[in-house]
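Following: one structure in structure tokens, then a few remarks.
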Amino acid sequence: MASSLRQQLFRVQPVPRDGGERGSQLKRSIGLFPLMMIGVGGTIGTGIFFILSEAVPIAGPAVIWSFIIAGLVAGLSVLCYAELASSVPVSGSSYSYAYSTLGELPAMGVAACLLLEYGVSTAAVAVGWSQYVNQLVKNLFGFEFPHELLDAPENGGIINLPAVILIGLCCLLLIRGTSHSVVTNTVMVVIKIAVLLFFVAVGITGWNVDHFANFAPFGLGGIMTGAGIIFFSFVGLDAVATAGDEAKNPRRNLPIALMGALVVVTTVYVLVAVTGLGAQAPEEFEGQSAGLSAILENIVGASWPGTIVAAGAVISIFSVTLVVLYGQTRILFTMSRDGMAPKIFSRVNPRTGTPIANTIIVSIIVAILAGVLPINFLAEMTSIGTLAAFTVVSVAVMVLRHREPDLERKFRVPLYPVIPILSIIGCLWIIKDLRPITIIVFALWTVLVLVWYFFTGRRNSVLGHRIDTGMIVLVGPGRYRVGSSEGELYDGGDLDEAEDRETTRR
């Protein structure tokens with residue numbers, strides 16, 4: 001008998017047991033350190049190279065507190081991600097977590113957030129990359145790209161060609177295989193951290209304590225507004241959770257990688273912010289397009305430090321684009337496997353062990369966005385998708401704790417339920433300060449995805465098909481019985497194997 005509408009909307013995926021996946025064909029090839037580097041690589045990018053010129057004029061030297069507050073809000077959410085990653089070790093990030101706790105309809109709402117976050121931010125960082133490439137080429141060879149090939153039509157150009165090329169290169173790496181992409185990302189992360197530490201080492205020689213005299217000229221309001229702007233620089237930490245099906249020992253390694261990435265990112269950000277403010281007066285940051293490069297050039301009186309920082313930015317942003325594009329493809333892979341997206345997104349090439357068609361389709365769409373849209377429009381839509389996803393993850397932790405208190409958890413959120421509640425409050429606090437047009441566009445996009453679900457995804461749901469055909473029977477929240485003779489319970493990745501056994505028996 002077909003399920004009722006309410007049962008369809010809120011049916012939940014069973015939580016995988018014993019590290020099982022839901023029928024994944026992806027290879028478990030990512031160890032702990034490369035997993036942590038996915039989080040660092042997906043986070044440290046364009047933000048830290050230009051964010052000071054936007055945040056310091058709003059918060060003053062107290063922007064240091066803005067960084068810390070943004071890091072704390074991100075950290076509260078990361079703790080919630082860590083618990084769910086140790087409990088639901090599958091790809092799909094917060095989409096999978098919502099599906100296993102809140103139900104199918106909420107999961108599709110989260111999917112809308114993630115598709116917006118990853119798709120738009122990939123295009124945004126690719127556009128930022130083109131600007132640094134142009135600066136680096138100019139410093140090294142005295143050559144600049146024509147304006148027509150460096151900017152969006154809205155800004156008088158034809159196409160942002162470097163951004164399109166970058167996405168094409170990342171696409172080729174991901175097609176070759178996850179292990180190649182992970183090694184490349186790890187190398188680039190190490191290089192970009194070294195470049196930022198180089199900035200700190202040189203910048204500290206220009207230290208002037210007087211730059212901190214008027215520490216908080218715009219008060220708490222300026223600090224909080226600065227935190228909202230800076231939060232964009234923490235987008236990407238959740239990329240670790242998209243690798244659930246490809247991580248080795250995911251219940252242990254995913255939580256450690258998430259928290260390790262947060263510590264590295266926050267430490268680097270605060271060091272760079274303190275050094276930048278110590279080396280340059282706060283009033284000089286406004287309108288400073290060259291960012292960190294300009295600070296070093298002013299200290300040393302030469303262009304070579306700026307060239308090194310520009311090279312670091314090129315490598316840094318390449319790494320971010322690679323990681324975020326990877327995350328987008330894995331989210332769509334998981335949705336396709338669940339019947340929530342077209343089947344082409346879950347087809348895995350047997351030779352490379354990667355979803356090649358998925359990667360090519362996503363890359364083409366993102367390349368078009370990066371080629372023809374300006375960076376300010378792209379960047380504005382990224383944070384709200386992330387914050388909404390973070391909020392749902394915090395809710396999901398509390399739901400799963402209540403529904404399955406005895407579920408194996410390699411990591412538990414400390415001070416429960418205070419941390420999840422504070423995470424929700426922090427995310428909503430930042431969302432309220434976003435521009436109304438950003439919230440409206442986000443709401444319209446979410447409605448569009450939910451309409452897709454009602455007319456297509458709901459009818460193609462793999463879980464729904466299993467229930468409606470009587471192959472599995474719901475016996476409790478997130479739990480199903482396969483067959484009727486033994487009354488055994490099978491969860492997560494065991495469902496496919498159990499159904500095969502039952503079909504053979506019949």
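The values are calculated or read from the model by the stated rules, or taken from the named source; none is laboratory data. Note that the coordinates shown come from a computational prediction; the quantities given were computed from them, not determined experimentally. Note that we place each Cβ from the backbone using ideal geometry, even for glycine, and neighbour counts take in every protein chain shown.
Regarding segment 132-154, can at least one residue be identified that is out of contact with any Phe, Trp or Tyr (no Cβ under 8 Å at 6 or more places or on another chain), modelled with pLDDT of 80 or more and closer than 20 Å to Gly244 by Cβ?
Within segment 132-154, not a single residue is out of contact with any Phe, Trp or Tyr (no Cβ under 8 Å at 6 or more places or on another chain), modelled with pLDDT of 80 or more and closer than 20 Å to Gly244 by Cβ.
Filter segment 357-384 for residues that are closer than 24 Å to Leu434 by Cβ, at pLDDT 80 or above and not β-branched (Val, Ile, Thr) and give the result.
Those that are closer than 24 Å to Leu434 by Cβ, at pLDDT 80 or above and not β-branched (Val, Ile, Thr): Leu369, Ala370.
State all residues of segment 41-87 that are outside any helix (DSSP H, G or I) and surrounded by fewer than 24 Cβ atoms within 10 Å (Cβ to Cβ); if no residue qualifies, say none. So that I can check it myself, show each step before the final result.
Step one: list which residues in segment 41-87 are outside any helix (DSSP H, G or I), which gives 44-45.
Passing the criteria: none in range.
Checking the structure you have, find out if any residue of segment 277-293 is within 30 Å of Thr178 (Cβ to Cβ), buried (at least 17 other Cβ atoms within 10 Å of the Cβ) and out of contact with any Phe, Trp or Tyr (no Cβ under 9 Å at 6 or more places or on another chain). Break it down into steps so the answer makes sense when it comes.
Step one: list which residues in segment 277-293 are within 30 Å of Thr178 (Cβ to Cβ), which gives none.
No: segment 277-293 contains no residue that is within 30 Å of Thr178 (Cβ to Cβ), buried (at least 17 other Cβ atoms within 10 Å of the Cβ) and out of contact with any Phe, Trp or Tyr (no Cβ under 9 Å at 6 or more places or on another chain).
Tell me which residues, restricted to segment 88-115, are farther than 23 Å from Pro355 by Cβ and not in a helix (DSSP H, G or I).
Taking segment 88-115 first, the residues farther than 23 Å from Pro355 by Cβ are 101-103, 105-106, 109.
Residues satisfying the conditions are Leu102, Gly103.
Would you confirm whether any residue within segment 72-92 is of a type outside the set (Val, Ile, Thr), modelled with pLDDT under 85 and at positive phi?
Yes, segment 72-92 has at least one match.
Could you give every pair whose Cβ atoms fall below 8 Å, whose first residue belongs to segment 94-107 and is touching a residue at least 40 places away in the same chain (Cβ under 8 Å), and whose second residue is outside any helix (DSSP H, G or I) and acidic (Asp, Glu), counting only separations of at least 6 or pairs across chains?
From residues that are touching a residue at least 40 places away in the same chain (Cβ under 8 Å), the pairs are Tyr99/Asp338.
Among the residues of segment 163-192, how many are under 28 Å from Leu149 (Cα atoms), modelled with pLDDT under 90 and among the small types (Gly, Ala, Ser)?
2
For segment 338-368, give me each residue that is in contact (Cβ under 8 Å) with a residue 40 or more places away in the chain, crowded, with 23+ Cβ neighbours inside 10 Å and in a helix (DSSP H, G or I).
Thr359, Val362, Ser363, Val366, Ala367
For a quick check of your reading of the model, give me the residue pairs whose first member lies in segment 134-159 and is in contact (Cβ under 8 Å) with a residue 40 or more places away in the chain and closer than 28 Å to Ala302 by Cβ, whose second is among the polar types (S, T, N, Q) and surrounded by 11 or more Cβ atoms within 10 Å (Cβ to Cβ), with beta-carbon atoms closer than 8 Å and at least 6 apart or on different chains.
That search, which allows pairs on different chains as well, returns Gln135/Ser293; Leu136/Thr307; Asn139/Ser303; Asn139/Thr307; Leu140/Thr307.
Has segment 428-440 got at least one residue that is more than 22 Å from Val12 (Cα to Cα) and modelled with pLDDT of 90 or more?
Of segment 428-440, the ones more than 22 Å from Val12 (Cα to Cα) are 428-440.
Checking the rest, the ones that are also modelled with pLDDT of 90 or more come to none.
Taking every residue of segment 428-440 in turn, none turns out to be more than 22 Å from Val12 (Cα to Cα) and modelled with pLDDT of 90 or more.
As an exercise: evaluate Val395 against (1) surrounded by 15 or more Cβ atoms within 10 Å (Cβ to Cβ); (2) part of a helix (DSSP H, G or I); (3) at pLDDT below 85 and give the number of the one condition it does not meet.
Val395 satisfies all of (1) surrounded by 15 or more Cβ atoms within 10 Å (Cβ to Cβ); (2) part of a helix (DSSP H, G or I); (3) at pLDDT below 85 except (3).
Which of (1) in contact with a strand residue (DSSP E or B) (Cβ under 9 Å, 6 or more places away or on another chain); (2) at pLDDT below 80 is the odd one out, the single condition Leu463 does not satisfy?
Every listed condition holds for Leu463 apart from (2).
Please determine, by comparing only the residues of segment 399-445 that are assigned to a helix (DSSP H, G or I) and closer than 18 Å to Ala241 by Cα, which one is nearest to the chain's Cα centre (by Cα). Write out each step before concluding.
Kept after step one, since they are assigned to a helix (DSSP H, G or I), are these residues of segment 399-445: 399-403, 418-431, 436-445.
Pick out the ones that are also closer than 18 Å to Ala241 by Cα and you get 400, 420, 423.
Details: Leu400: 22, Pro420: 19, Ser423: 17 Å.
Filtering first and then ranking leaves Ser423.
Please go through segment 281-304 and pick out each residue that is over 17 Å from Ser53 (Cβ atoms) and part of a helix (DSSP H, G or I).
So the first thing to find is which residues in segment 281-304 are over 17 Å from Ser53 (Cβ atoms), and the list is 300-304.
Correct list: Val300, Trp304.
Can you confirm whether segment 309-326 contains a residue that is modelled with pLDDT of 90 or more and not hydrophobic (A, V, I, L, M, F, W, C)? Working first, answer last.
Taking segment 309-326 first, the residues modelled with pLDDT of 90 or more are none.
Within segment 309-326 (the criterion being modelled with pLDDT of 90 or more and not hydrophobic (A, V, I, L, M, F, W, C)), the answer is no, since none of the residues qualifies.
Filtering segment 392-413 down to residues that are free of Cβ contacts under 8 Å to residues at least 40 places away in the same chain and of a type outside the set (Lys, Arg), which residue is nearest to Ala112 (Cα to Cα)?
Applying the first criterion (free of Cβ contacts under 8 Å to residues at least 40 places away in the same chain) to segment 392-413 yields 398, 401-402, 405-406.
Pick out the ones that are also of a type outside the set (Lys, Arg) and you get 398, 402, 405-406.
Numbers: Met398: 22, His402: 26, Pro405: 29, Asp406: 31 Å.
Going through the qualifying residues, I end up with Met398.
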